[in-house]
Amino acid sequence: MTLLASDALILRTWPVNEADLVVSFFTRDYGKVKGVAKAALKSRKRFGGALEPMTLARAFFAERPRQELVRLDQLELLRSPLSAPVDYARAAVLSFYAEILEESLQEHDPQETVFRLALAVLEQTTVEQPWMPLTYFSLWMTRLMGWLPDVAGCTQCGDRFAPGEASFHPQADGLFCPLHRQGTGSLLSADSWLLAQRILREPATAFAQEPWPRRRGQDLRRFTLQSLERHLERRLRSAEAISRV
């Protein structure tokens with residue numbers, strides 16, 4: 001048995017037996033891990049307050065030979081998403097982060113860049129500002145998973161776009177020029193195309209003070225959501241919740 005510890009983001013929990021939980025958590029050092037937390041529903045000392053999705057905690061767990069699930073012994077709370085005000089929009093966005101990480105990451109595959117991205121957008125996701133970090137996270141996760149070709153030029157021919165020329169299609173990766181635009185594709189607005197290039201160059205904090213109403217980057221979020229759902233081969237429940245905001 002190997003005893004391990006790492007900072008981790010809680011992604012999902014589900015009950016087994018009367019008081020135990022299976023916990024899926026994304027660690028900085030060991031990637032996504034699933035483990036059994038014995039008596040988690042009764043033990044405030046070992047797990048209290050640290051089991052909400054997107055909670056940052058110090059996870060202490062043990063790997064056992066030839067067993068898929070680790071033994072999760074303790075979660076030491078570092079930062080709770082509930083420490084700041086929560087409304088429907090912020091809750092839906094936090095659920096979106098957790099669902100994307102849960103569905104897209106392979107188990108035991110460390111992804112330091114993804115972990116840092118998640119921490120960065122969590123810091124920026126407030127009741128007043130949910131749309132900027134959502135847009136930032138969606139675009140960067142599409143890039144980091146290898147599902148986003150260069151947004152500056154046409155995926156088909158490589159020609160560089162002028163603002164307002166790029167289009168996207170729900171069944172294809174990347175953006176397309178007017179010549180290679182797919183028949184039922186949608187145009188990406190000039191503002192969103194320029195915004196995408198900024199997001200891929202600048203940290204999330206660079207956008208923190210900018211006005212960001214829901215309509216800003218809305219077509220860019222639709223583009224990334226289509227790509228994420230296509231590659232994950234499933235509809236995202238949290239995206240449906242966000243659409244109702």
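When the residues of the range 115-142 are filtered to those that are under 10 Å from the mean Cα position of the chain (by Cα) and without any contact (Cβ under 8 Å) to a residue 60 or more places away in the chain, which remaining residue is farthest from Ala241 (Cα to Cα)?
Leu117
Residues of the range 194-219 being surrounded by 14 or more Cβ atoms within 10 Å (Cβ to Cβ) and of a type in the set (Lys, Arg), which ones?
Arg216
Just one of Asp191, Asp173 is in the same structural domain as Gln124 (by TED's automatic domain parsing), among the acidic types (Asp, Glu), closer than 24 Å to Ala239 by Cα and buried (at least 16 other Cβ atoms within 10 Å of the Cβ); which is it? Walk me through how you get there before you give the answer.
Working: Asp191 fails: buried (at least 16 other Cβ atoms within 10 Å of the Cβ).
Of the residues listed, the single one that is in the same structural domain as Gln124 (by TED's automatic domain parsing), among the acidic types (Asp, Glu), closer than 24 Å to Ala239 by Cα and buried (at least 16 other Cβ atoms within 10 Å of the Cβ) is Asp173.
Here are the criteria: (1) part of a helix (DSSP H, G or I); (2) surrounded by 12 or more Cβ atoms within 10 Å (Cβ to Cβ). Tell me which single one Glu240 does not satisfy.
Condition (2) is where Glu240 drops out.
Which of (1) in contact with a Phe, Trp or Tyr (Cβ under 9 Å, 6 or more places away or on another chain); (2) exposed (fewer than 14 other Cβ atoms within 10 Å of the Cβ); (3) β-branched (Val, Ile, Thr) does Val23 not meet, given it meets every other one?
(2)
Hey, any hits in the range 43-61 for a residue that's touching a Leu at 6+ places or on another chain (Cβ under 8 Å), closer than 18 Å to Glu99 by Cβ and assigned to a strand (DSSP E or B)?
Yes, the range 43-61 contains a residue that is touching a Leu at 6+ places or on another chain (Cβ under 8 Å), closer than 18 Å to Glu99 by Cβ and assigned to a strand (DSSP E or B).
If Arg198 passes every condition in (1) in contact with a Phe, Trp or Tyr (Cβ under 6 Å, 6 or more places away or on another chain); (2) within 20 Å of Pro163 (Cβ to Cβ); (3) of a type in the set (Lys, Arg) but one, which one does it miss?
(1)
Considering (1) farther than 19 Å from Met145 by Cα; (2) touching a residue at least 24 places away in the same chain (Cβ under 8 Å), say which one Arg181 fails and leave the rest.
Unmet for Arg181, out of (1) farther than 19 Å from Met145 by Cα; (2) touching a residue at least 24 places away in the same chain (Cβ under 8 Å): (2).
Checking the conditions here, which among Thr135, Thr125 is crowded, with 17+ Cβ neighbours inside 10 Å, under 26 Å from Ala59 (Cβ atoms), in the same structural domain as Leu195 (by TED's automatic domain parsing) and polar (S, T, N, Q)? It would help to see each step written out before you state the result.
On the way: Thr135 fails: under 26 Å from Ala59 (Cβ atoms).
Residue meeting the stated conditions: Thr125.
Which residue out of Arg198, Arg216, Arg222 is of a type in the set (D, E, K, R), out of contact with any Cys (no Cβ under 9 Å at 6 or more places or on another chain) and either outside the structural domain of Tyr136 (by TED's automatic domain parsing) or in contact (Cβ under 8 Å) with a residue 60 or more places away in the chain (or both)?
After ruling out the rest, the residue left standing is Arg216.
Restricting the search to the range 43-75, which residues are modelled with pLDDT under 95, charged (D, E, K, R) and either over 19 Å from Ala19 (Cβ atoms) or exposed (fewer than 13 other Cβ atoms within 10 Å of the Cβ) (or both)?
Selection gives Arg44, Lys45, Glu63, Arg64, Arg66, Glu68.
One residue is enough: does the range 95-104 have a residue meeting the conditions in the same structural domain as Arg143 (by TED's automatic domain parsing) and touching a Gly at 6+ places or on another chain (Cβ under 6 Å)?
In the first step, residues of the range 95-104 are kept if they are in the same structural domain as Arg143 (by TED's automatic domain parsing); the result is 95-104.
Next, only the ones that are touching a Gly at 6+ places or on another chain (Cβ under 6 Å) stay: none.
No, that holds for no residue.
With the structure loaded, tell me whether Ser138 is among the small types (Gly, Ala, Ser), touching a Ser or Thr at 6+ places or on another chain (Cβ under 6 Å) and more than 28 Å from Glu233 (Cβ to Cβ) or whether it fails that test. Give the steps one after another, and end with the answer.
Details: among the small types (Gly, Ala, Ser): yes; touching a Ser or Thr at 6+ places or on another chain (Cβ under 6 Å): yes; more than 28 Å from Glu233 (Cβ to Cβ): no.
Judged against the criteria, Ser138 is not a match.
The values are calculated or read from the model by the stated rules, or taken from the named source; none is laboratory data. As the structure is a prediction and not an experimental result, all values here were calculated from the model. Please note: Cβ atoms are built from the backbone with ideal geometry, for glycine as well, and neighbour counts cover all protein chains shown.
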